[in-house]
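The values are calculated or read from the model by the stated rules, or taken from the named source; none is laboratory data. Only a predicted model underlies this, so the values are computations on that prediction, with no experimental measurement involved. Cβ coordinates were reconstructed from backbone atoms using ideal geometry, including for glycine residues, and neighbour counts include every protein chain displayed.
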């Protein structure tokens with residue numbers, strides 16, 4: 001899988017497969033690849049026999065909310081009774097419940113919890129992951145979340161890319177004052193940039209949260225401050241978030257369940273990548289999924305992610321998302337693999353270093369307990385990972401009986 005840019009439209013169906021293959025790793029880097037019969041010159045190498053298994057690049061997660069306090073399983077009975085989300089919010093639940101738990105948690109506790117989730121991501125074959133803040137909704141806690149991400153990036157095998165999502169919601173103390181709250185978040189930009197706490201800035205552009213005009217102003221200031229841009233766009237209503245992402249040259253527009261025809265057209269003609277999150281639609285019990293087929297057939301670049309978070313997509317299983325993409329988004333296996341490797345890497349600014357098996361690249365490789373690439377989305381709900389190599393070192397191995 002080699003490309004110097006995201007795969008768009010029909011290109012996503014052009015998947016290169018090498019049968020009976022071998023690759024050589026030296027000093028953590030892929031040094032050679034070719035047919036197994038051509039590997040005789042590697043006589044002194046330590047050999048890992050994949051025994052006919054599938055080998056792919058490490059998977060890339062371009063949209064997660066990794067760091068947060070608490071959990072919200074106590075809200076499930078209310079949801080099953082049909083209690084609307086806004087009523088759950090009024091009862092002290094929803095995102096504001098997570099905000100309170102995150103504010104009250106120590107950084108050490110948040111780090112321990114996030115590390116557990118990160119270990120699970122790794123076990124599913126993820127080697128690079130984007131992590132957002134957004135459950136602090138005040139200066140102190142947003143920084144605390146981003147500090148956790150930075151510290152984990154220095155110690156955990158998975159490479160982390162940090163995104164500031166202070167504009168995730170309007171906190172209780174700023175209700176009716178969204179403009180004033182956004183200004184509070186803008187005031188964090190210099191510190192985040194100086195301390196290297198975030199590469200991207202994101203905003204939830206949606207009815208009842210932040211308008212297109214507010215999102216434009218906020219993201220333009222983020223762009224001027226030197227950050228890459230991301231947008232939670234058109235998840236519920238077709239407000240024009242996708243169009244805004246294209247206007248600003250954002251790296252991604254995410255969700256897009258309610259994207260307009262104009263939004264699809266604009267994305268197809270842009271370099272902005274559509275990050276689709278079918279796990280969220282599934283978990284919320286919705287019937288309408290993001291129009292992946294229209295996006296791809298129109299020529300857009302599509303990536304996939306779990307949207308791991310405590311309220312609307314509580315899973316680290318990217319393999320399950322691949323199955324949902326096949327079953328609910330009508331994506332082909334070839335499109336799915338591009339969406340979780342090459343395209344996902346470009347979606348988080350790692351297209352030059354991750355998401356491909358390529359000579360000269362870091363050896364981030366997954367060996368799957370599967371005979372071919374179709375099998376992973378086909379056999380859903382389980383973990384197919386056999387072994388994960390990060391920079392050539394084994395960082396996860398499936399337990400084998402006997």
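Residue 64: surrounded by 16 or more Cβ atoms within 10 Å (Cβ to Cβ), touching a residue at least 60 places away in the same chain (Cβ under 8 Å) and assigned to a strand (DSSP E or B), yes or no? No; evaluated as a whole, the condition is false for this residue.
Return the pairs, sorted by first residue and then second, in which the second residue is assigned to a loop (DSSP other than H, G, I, E, B) and surrounded by 12 or more Cβ atoms within 10 Å (Cβ to Cβ), the first residue lies in the range 24-45 and is without any contact (Cβ under 8 Å) to a residue 40 or more places away in the chain, the beta carbons are less than 7 Å apart, and the residues are 6+ apart or on different chains. Within 7 Å, the pairs are 24/42; 24/45.
Looking across 355, 351, one residue alone is surrounded by 24 or more Cβ atoms within 10 Å (Cβ to Cβ), in a loop (DSSP other than H, G, I, E, B) and modelled with pLDDT of 95 or more. It is 355. I need the full set of residues from the range 324-337 which are in contact with a strand residue (DSSP E or B) (Cβ under 8 Å, 6 or more places away or on another chain) and either in a loop (DSSP other than H, G, I, E, B) or over 30 Å from residue 70 (Cβ atoms) (or both), in order please. Listed by number, the residues that qualify are 329, 331, 335, 336, 337. Against the list (1) touching a residue at least 12 places away in the same chain (Cβ under 8 Å); (2) closer than 29 Å to residue 127 by Cα; (3) within 27 Å of the chain's Cα centre (by Cα), the condition residue 75 fails is (2).
Taking the range 143-172, which residues are touching a residue at least 40 places away in the same chain (Cβ under 8 Å), in contact with a strand residue (DSSP E or B) (Cβ under 7 Å, 6 or more places away or on another chain) and not in a strand (DSSP E or B)? Listed by number, the residues that qualify are 146, 149, 150, 152, 157, 158, 168, 169. Within the range 53-61, not a single residue is farther than 20 Å from residue 373 by Cα, in contact (Cβ under 8 Å) with a residue 40 or more places away in the chain and touching a helix residue (DSSP H, G or I) at 6+ places or on another chain (Cβ under 9 Å). Within the range 93-103, none of the residues are touching a helix residue (DSSP H, G or I) at 6+ places or on another chain (Cβ under 9 Å), loosely packed, with under 12 Cβ neighbours inside 10 Å and assigned to a helix (DSSP H, G or I). The set of residues in the range 28-37 that are in a helix (DSSP H, G or I) and surrounded by fewer than 13 Cβ atoms within 10 Å (Cβ to Cβ) contains only 37. Just to be sure, is residue 78 part of a helix (DSSP H, G or I), touching a helix residue (DSSP H, G or I) at 6+ places or on another chain (Cβ under 9 Å) and at pLDDT below 95? Yes; evaluated as a whole, the condition is true for this residue.
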